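Contents: one structure, followed by commentary.
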Amino acid sequence: MTHPIQPAPFEGRIGRTLAESEPHFTSSPHPGADAPNVVIVLLDDTGFAQFGCYGSDIDTPHVDALAAGGLQFTNFHVTPLCSPTRASLLTGRSQHAVGMRSVSNHRTGYPHQLGHITNHAATLAEVLGEQGYATFCCGKWHLAPTEDISAAGPFEQWPLGRGFDRFYGFLEGETDQFHPELVVDNHHIDPPGGPDEGYHLSEDLVDQLLRMINDSKGVRPDRPFFAYLPFGATHAPHQAPQAYLDKYRGRFDEGWDVVRQRWYERQLAQGVIPEGTQLAPRNPGVKPWAELPDSHRRFACRLQEAFAAFLDHTDDQIGRLVDGLRQMGQLDNTILIVLADNGASQEGGPFGIMHEMKYFNGIVDDPDDVMDRLDDIGGPNSHTNYPWGWAQCGNSPFKWYKQNTHEGGVHVPLVMHWPAGIAGDQRGTRRDQFVNVSDVAPTVYDLLGIAAPDVFRGYAQLPVTGNSFAPVLADAGAPATNTLQYFEQSGSRALVVEQDGVCWKAVTRHIKGESFDDDRWELYELSADLSECNDLAETRPDKLDEMIGLWWAEAERHGVLPLDDRMIELFVARRDDHSPGMSVFVQNGRLVVDYNSFGEHTVVESELEVPAGDCMLTARVQRTSRTEGVIELAIDGEPCGSAELPYMMHIISSIGSSVGHDHGQAVSPRYEAPFAFSGALHAVEIDRSGASRSEAETAARTEMARQ
């Protein structure tokens, strides 16, 4: 017996003939003729003080103009890390609840660390796309596990799998700005240019986003768009075009103590921080500028100049985006939000670093040794990050940094611009109410008149726990809508609560490996002590106990538990080689290996010629001690050369491996990139079965730097 095929539900009528039938056409959703566009611009590792309108003297006229024509939020908070902030931003929910307590690179087997956003939490792109919006993402994703971002996929947690119509950018936590690892939609591509042609990733991202918007509006002018622009800037490596580097030469020679004091005074004068706010003391490890040797000062100044140039250049790209929207007639009815994902980074260490991966291999640059390379800083031949002193300057007036739950790690800028939706008399005003990153998505939904779905594509949805701050847009005196907010990162914890008009904060900085029960909690009345300078833990133990109890209750509610300070252990099982740290190539008929350890080259060339026809070429790299190793060559199994490695790196680069050509800047000076192999590569096998635990430890530290 055959059964009729069940058709999809049809609301017309089907008769035997067309004359006896009635058609029915489904209509695509449309948000309405007056629905605003939504643009979110996210900067990486940008501290509270680093925009000009938040206190610095770095030139950021375009962000400053958006603040002058919109609203400037001075009490905005995020998570201490990249992936968690992005997960919360795009879903309107707690980062732990959606599966992203830490960076997306790993899974732990617990619901709060899936390595991706749970499908039970639809993203802004998914929700707005279902409402008829076009959706575009250009920039850094970092919301998919590392093992899932190769050309083989799977692609379910790539941007197109989470609601975006188009994507152009990179999937990992950082990339080289002159030689980026690029993805278009669901496939990897080579960059369209290099530094010799004037290429820079930030410019490319804005070009691509404007093209996507223009393509959409050119055909469907009635259809609004959601555009998400998460720059790689200002995450290390700090890289900018030479003209920007030249602009800041000598600008910071006064040192971080003088500059930080000046930025703090500007913040007070601008009203960005309330009168009476203290400038937090130097963090441990930050020395007074006057005590630094001359070489340390020169190195630190160049590193800060590179950061400033990078931020200035990024601001100009934001200006290009704004100009492009204006020229298309889209700016007035666009909700444009600019924010940062966490505070300024501490990964440059006490002195700063010429190549960030050195620091994560346990190597600290001696400034005396880099004096002849100062002119490389900020350009395509460097991978720099600045020292703690400049990072804390960027977080003024706060203490601590990214990765910490103190204000320096979680208190960042947010600017909102929307000419059609912000009254003229409110433009250029500040909003001092407490706001958290999880509040952004529900605010967008509120302004658009959209309700987050209870079920999305068959998945029951977690409740949106963020709070819309739409009421404060029209009224600077409106009460804060978020009065209870937890923070947690690798065991460091905090809770902010507003009670009877007073804002309190309990916070603890956890040291990895120590008992959570031994963590020392601090207590601050943020309403009078925004920079956490006066610890009330001893004088108000009752209040502190109450706050700690509230933290545990919020941890239960948002899926924060179990507390987990692991990082190294999570990478032991993941054999992700990311970068073999060398180039293996055939040149002049010989097999050659060039092992480039930050400019120190060990080269071994085969004693035998590579025969014509099919053959097997082998380069065996073995560690002989914690820091040394050996390279051995073989052709068709016959040994034909070896060399000792005086220093064998664990992780040498944040850029992935290239096969058949040398992507980006050449590893070896013996050729010019890409130096593509002209023969036939039947297979390339990389065997890391003997990787040591120390390599995994270094990989873990490296991943923490890449978010």
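The values are calculated or read from the model by the stated rules, or taken from the named source; none is laboratory data. Here the structure is a predicted model, which is why all the values come from computation and not from measurement. All Cβ positions, even for glycine, are placed from backbone atoms using ideal geometry, and neighbour counts span all protein chains on display. Each accessible area value is taken on the protein alone, full model and side chains, heavy atoms only, with ligands, DNA and RNA left out. Shrake-Rupley method; radii C 1.70, N 1.55, O 1.52, S 1.80 Å.
For this structure, a couple of remarks:
- From the list Ser694, Ser658, Ser678, the one residue that fits, being farther than 20 Å from Ser150 by Cα, part of a loop (DSSP other than H, G, I, E, B), at pLDDT below 90 and open to solvent by 30 Å² or more (accessible area, probe 1.4 Å), is Ser678.
- From the list Asp376, Asp365, the one residue that fits, being within 13 Å of Ala306 (Cα to Cα) and among the acidic types (Asp, Glu), is Asp376.
- Considering residues of region 456-485 that are hydroxyl-bearing (Ser, Thr, Tyr) and touching a helix residue (DSSP H, G or I) at 6+ places or on another chain (Cβ under 8 Å) only, the residue nearest to Thr91 (Cα to Cα): Thr465
- Qualifying residue in region 267-284 (condition: closer than 15 Å to Asp57 by Cβ and open to solvent by 60 Å² or more (accessible area, probe 1.4 Å)): yes
- Hits in region 385-442 (condition: open to solvent by less than 10 Å² (accessible area, probe 1.4 Å), farther than 21 Å from Leu81 by Cβ and in contact with a strand residue (DSSP E or B) (Cβ under 8 Å, 6 or more places away or on another chain)): Val415, Met416, Ile422, Arg431
Results for (1) open to solvent by 10 Å² or more (accessible area, probe 1.4 Å); (2) not in a helix (DSSP H, G or I), shown as yes or no for each residue.
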{"position": "Gly193", "(1), (2)": "yes, yes"}
{"position": "Leu205", "(1), (2)": "no, no"}
{"position": "Asp215", "(1), (2)": "yes, no"}
{"position": "Ala236", "(1), (2)": "no, yes"}
{"position": "Arg251", "(1), (2)": "yes, yes"}
{"position": "Glu254", "(1), (2)": "yes, yes"}
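- Restricting the first member to region 330-351 and to residues that are within 16 Å of Thr314 (Cα to Cα), and the second to residues that are surrounded by 24 or more Cβ atoms within 10 Å (Cβ to Cβ) and modelled with pLDDT under 95, the beta-carbon pairs closer than 9 Å and six or more apart or on different chains are Asp341/Gln707.
- Among residues of region 95-116, those that are in contact (Cβ under 8 Å) with a residue 12 or more places away in the chain and either more than 21 Å from the chain's Cα centre (by Cα) or open to solvent by 10 Å² or more (accessible area, probe 1.4 Å) (or both), counted: 8
- Hey, Gly163 of a type in the set (Gly, Ala, Ser), over 16 Å from the mean Cα position of the chain (by Cα) and either modelled with pLDDT of 95 or more or within 24 Å of Leu447 (Cβ to Cβ) (or both) or not: yes
- Any chance Gly348 is in contact with a Pro (Cβ under 6 Å, 6 or more places away or on another chain), assigned to a loop (DSSP other than H, G, I, E, B) and small (Gly, Ala, Ser): yes
- Scanning region 498-526 for residues that are among the small types (Gly, Ala, Ser), within 26 Å of Phe76 (Cβ to Cβ) and under 30 Å from the mean Cα position of the chain (by Cα) yields a single hit, Ala506.
- Hey, Ala240 out of contact with any strand residue (DSSP E or B) (no Cβ under 7 Å at 6 or more places or on another chain) and open to solvent by less than 10 Å² (accessible area, probe 1.4 Å) or not: yes
- In summary, Phe456 fulfils each of the numbered conditions (1) touching a residue at least 60 places away in the same chain (Cβ under 8 Å); (2) closer than 22 Å to Val322 by Cβ; (3) among the hydrophobic types (A, V, I, L, M, F, W, C); (4) surrounded by fewer than 24 Cβ atoms within 10 Å (Cβ to Cβ) with the single exception of condition (2).
- Identity of the residue in region 321-337, open to solvent by less than 40 Å² (accessible area, probe 1.4 Å) and of a type outside the set (A, V, I, L, M, F, W, C), that ends up farthest from His417 (Cα to Cα): Gly324
- For beta carbons closer than 9 Å, sequence separation of 6+ or different chains, a first residue in region 194-214 that is under 18 Å from Tyr244 (Cβ atoms) and a second that is among the small types (Gly, Ala, Ser) and part of a helix (DSSP H, G or I), the qualifying pairs are Val206/Gly324.
- For region 544-587, a tally of residues being assigned to a helix (DSSP H, G or I), over 22 Å from the mean Cα position of the chain (by Cα) and at pLDDT below 85 returns 2.
- Within region 338-371, considering residues that are of a type in the set (Val, Ile, Thr) and over 23 Å from the mean Cα position of the chain (by Cα), the one surrounded by the fewest Cβ atoms within 10 Å (Cβ to Cβ): Val364
- Check on Thr60, modelled with pLDDT of 95 or more, touching a strand residue (DSSP E or B) at 6+ places or on another chain (Cβ under 8 Å) and under 29 Å from Gly477 (Cβ atoms): no
- Among the residues of region 623-641, those identified as at pLDDT below 90 and surrounded by fewer than 16 Cβ atoms within 10 Å (Cβ to Cβ) are Thr624, Ser625, Arg626, Glu628.
Rundown of residues vs (1) crowded, with 19+ Cβ neighbours inside 10 Å; (2) touching a residue at least 24 places away in the same chain (Cβ under 8 Å); (3) more than 16 Å from Phe434 (Cα to Cα), yes/no style:
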site	(1), (2), (3)
Pro463	no, yes, yes
Leu495	yes, yes, no
Asp517	no, no, yes
Leu544	yes, yes, yes
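- Residues satisfying the stated conditions in region 494-541, i.e. in a loop (DSSP other than H, G, I, E, B) and over 25 Å from Leu563 (Cβ atoms): Asp500, Gly501, Ser527, Ala528, Asp529, Leu530, Ser531, Cys533, Asn534, Thr539
- Flag: Glu130 matches the condition of being surrounded by fewer than 22 Cβ atoms within 10 Å (Cβ to Cβ), closer than 22 Å to Ile40 by Cβ and of a type outside the set (S, T, N, Q).
- Hey, Cys615 at pLDDT 90 or above and crowded, with 19+ Cβ neighbours inside 10 Å or not: no
- Flag if Arg262 is modelled with pLDDT of 95 or more, over 21 Å from the mean Cα position of the chain (by Cα) and either buried (at least 18 other Cβ atoms within 10 Å of the Cβ) or outside any helix (DSSP H, G or I) (or both): no
- Arg670 being charged (D, E, K, R) and modelled with pLDDT under 85: no
- Evaluation of His188 against (1) surrounded by 18 or more Cβ atoms within 10 Å (Cβ to Cβ); (2) touching a residue at least 24 places away in the same chain (Cβ under 8 Å) (one fails), failing number: (1)
- Considering residues of region 372-401 that are in a loop (DSSP other than H, G, I, E, B) and more than 30 Å from Val667 (Cβ to Cβ) only, the residue farthest from the chain's Cα centre (by Cα): Pro397
- Any hit, region 286-309, residues being part of a loop (DSSP other than H, G, I, E, B), over 30 Å from Thr627 (Cβ atoms) and either in contact with a strand residue (DSSP E or B) (Cβ under 7 Å, 6 or more places away or on another chain) or in contact (Cβ under 8 Å) with a residue 24 or more places away in the chain (or both): yes
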